[in-house]
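Inspection log for the structure reproduced underneath, given as structure tokens.
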Amino acid sequence: MTVKAHPQIQKLAARLFADASEQEAFLRSIVEPIDLPPTIIDLAEKPLPFETIEELPGQPAIAKRLQLSSHPTRHPLHDEGAFYSLDYSSVFAASVILATPKNPDVILDVCAAPGGKSVFAWKALRPQVLLSNEIVQGRAKALISNLKRCHVTPVRVFSAGPDQLALRLPQACDLVLLDVPCSGQSLMVKGQTVTGSFMPHAVSGNVKR
């Protein structure tokens, strides 16, 4: 195998794939990630000044994939809240809510920071009220900042555990979003070293959580 990776990641590859070429492709995708086109949730009332690329199957209309050379977060319209920039994987994960049989009046995003899925749900389903929760208070500040920047309203932000939410909001929500846990693995695609996210104690801790 020509790809050098952390031993724990190599063990994971061996458990996931019997074929050596598939193991190598998996490892290469982690240690030598390719640059992915930036993606935005379109919140503007007029066309945005970005060149888009071909849509993927199932790509929602509110999500736009931009040219690789684009830097949307550097554009003045970003600070004006005309769009929210995020990874397409988050768009893919959030898109399942488009299959709800009816528009929910009250949506709760339990693990909301930094806000991408909350913004997606608000834009796509237009609930009467959006409840965004983030138990880590430092991340809750970023969540509030992004919701304000994107002019998301009406919205209420909480910083509570799921058990507390269940007591305070019994049977109050029509749709609950729960994207857990944060393994940190996506940070590797951005060039950060977080190989510990594949360690057995980290994996078991996420399962327990």
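The values are calculated or read from the model by the stated rules, or taken from the named source; none is laboratory data. Quick caveat: nothing in here was measured; it's all calculated off a predicted structure. Glycine also receives a Cβ, built like all others from the backbone with ideal geometry; neighbour counts cover every protein chain displayed. SASA here: full protein model, heavy atoms, side chains in, ligands and nucleic acids out. Shrake-Rupley method; radii C 1.70, N 1.55, O 1.52, S 1.80 Å.
Below 8 Å, C-alpha to C-alpha, sequence gap of six or more: please give me the relative contact order for the chain in percent. If you can, show how the numbers build up before the last one.
Working: 290 pairs, mean separation 38.3, N = 209.
Relative contact order here is 18 percent.
Accessible area, 1.4 Å probe, largest first: how do Phe17, Phe83, Phe26 sort?
Details: Phe17 65, Phe83 0, Phe26 45 Å².
Largest to smallest exposure gives the sequence Phe17, Phe26, Phe83.
Amide H neighbours of Leu177 under 5 Å, counting only residues 5+ apart in sequence or on other chains, H built in-plane at 1.01 Å?
Under 5 Å from the amide H of Leu177: Leu108, Asp109, Val110.
Accessible surface of Glu24 in the full protein assembly, 1.4 angstrom probe, to the nearest 10 Å²?
Number for this one is 50 Å².
Determine one quarter of the surface area of the Cα convex hull of segment 2-122, which equals its mean projected area, and express it in nm² to one decimal.
Details: hull surface 43.1 nm².
Over every viewing direction, the Cα hull of segment 2-122 projects on average to 10.8 nm².
Give a residue-ordered list of calculated ³J(HN,Hα) values for segment 110-122 (Karplus: 6.51 cos²θ - 1.76 cosθ + 1.60, θ = phi - 60°; whole Hz; x for Gly, Pro).
6, 10, 8, 5, x, x, x, 6, 5, 5, 4, 4, 5
Mind running the shape call on segment 1-45? Use the C-alpha gyration tensor, a ≥ b ≥ c as the square roots of the eigenvalues: rounded below 1.5 for a/c, prolate if a/b tops b/c, oblate otherwise.
On the way: a/c = 3.39, a/b = 2.93, b/c = 1.15.
Note, shape of segment 1-45 comes out prolate.
Rounded, prolate or oblate: which fits segment 66-105, taking a ≥ b ≥ c as square roots of the Cα gyration tensor eigenvalues, rounded meaning a/c under 1.5, else prolate when a/b beats b/c?
Working: a/c = 4.25, a/b = 1.87, b/c = 2.27.
Because a/c hits 1.5 or more and a/b fails to exceed b/c, segment 66-105 counts as oblate.
Run the dipole for the chain about the Cα centre, Lys and Arg Cβ at +1, Asp and Glu Cβ at -1, nothing else charged, and hand back the magnitude in debye, nearest 20.
In total the dipole reaches around 580 debye.
Using only DSSP helix segments of four residues or longer, with each worth -39500 (n - 2.57), what per-residue ellipticity at 222 nm results for the chain after dividing by its residue count and rounding to 500? Don't skip to the answer; put the middle values down first.
On the way: 9 runs with 76 residues, N = 209.
Theoretical 222 nm ellipticity from helices: -10000 deg cm²/dmol.
To the nearest 0.05, how large is the calculated FRET efficiency for Phe17 and Val203 if R₀ is 25 Å and r is the Cβ-Cβ distance?
Working: r = 17 Å, r/R0 = 0.69.
Rounded to the nearest 0.05, the efficiency is 0.90.
Which peptide among 101-108, 141-148 comes first, and what is the full order, when sorted by highest mean count of other Cβ atoms within 10 Å?
Numbers: 101-108: 15.8, 141-148: 17.6.
By packing density, highest mean first, the sequence is 141-148, 101-108.
Tilt of helix 7-16 relative to the longest C-alpha principal axis of the chain, in degrees (0 to 90, nearest 10)?
Once rounded, the angle reads 80 degrees.
Using +1 at the Cβ of each Lys and Arg and -1 at the Cβ of each Asp and Glu in the chain, identify which of Ser159, Leu48, Ser90 lies farthest towards the dipole's positive end.
It is Ser159.
For percent of Cα pairs over 21 Å apart, the choices are (1) 58; (2) 52; (3) 61; which was calculated from the structure?
Of the labelled values, this structure produces (3).
Can you tell me the relative contact order of segment 1-87? Whole percent, Cα pairs under 8 Å, sequence separation 6 or more. If you can, show how the numbers build up before the last one.
Details: 94 pairs, mean separation 25.6, N = 87.
Dividing the mean separation by the residue count of segment 1-87 yields 29 percent.
Between Ala112, Ala82, Ala99, find the one with the highest GNM mean-square fluctuation for the chain; connect C-alpha pairs within less than 10 Å.
Ala99
Using θ = phi - 60° and the Karplus form 6.51 cos²θ - 1.76 cosθ + 1.60, what ³J(HN,Hα) does each residue of segment 127-139 get, whole Hz, x for Gly and Pro?
Once rounded to whole Hz, the list reads x, 5, 8, 10, 10, 10, 10, 8, 6, 7, 5, x, 6.
Using only Cα atoms, find the angle between the long axis of helix 20-31 and the longest principal axis of the chain, and express it within 0 to 90 degrees, rounded to the nearest 10.
50 degrees
Would you work out if segment 77-170 is rounded, prolate or oblate? Take a ≥ b ≥ c from the square roots of the eigenvalues of the alpha-carbon gyration tensor; rounded if a/c is under 1.5, else prolate when a/b is larger than b/c, oblate otherwise.
It is oblate, given that a/c is not under 1.5 and a/b is not larger than b/c.
Counting only C-alpha contacts under 8 Å and six or more residues apart, can you give the relative contact order of segment 91-145 as a whole percent?
Working: 65 pairs, mean separation 21.7, N = 55.
Relative CO of segment 91-145 lands at 40 percent.
Taking amide H atoms as placed 1.01 Å from N in the peptide plane, list the residues 5 or more away in sequence, or in a different chain, whose amide H sits under 5 Å from that of Ala113.
Counting only residues 5 or more places away or on other chains, the set is empty.
Among the listed pairs Lys64/Lys141; Lys64/Lys148; Lys46/Lys141; Lys4/Lys123; Lys4/Lys148, which are separated by more than 32 Å between their Cα atoms?
On the way: Lys64/Lys141 26 Å; Lys64/Lys148 21 Å; Lys46/Lys141 29 Å; Lys4/Lys123 42 Å; Lys4/Lys148 43 Å.
Check vs 32 Å cut-off fails for Lys4/Lys123; Lys4/Lys148.
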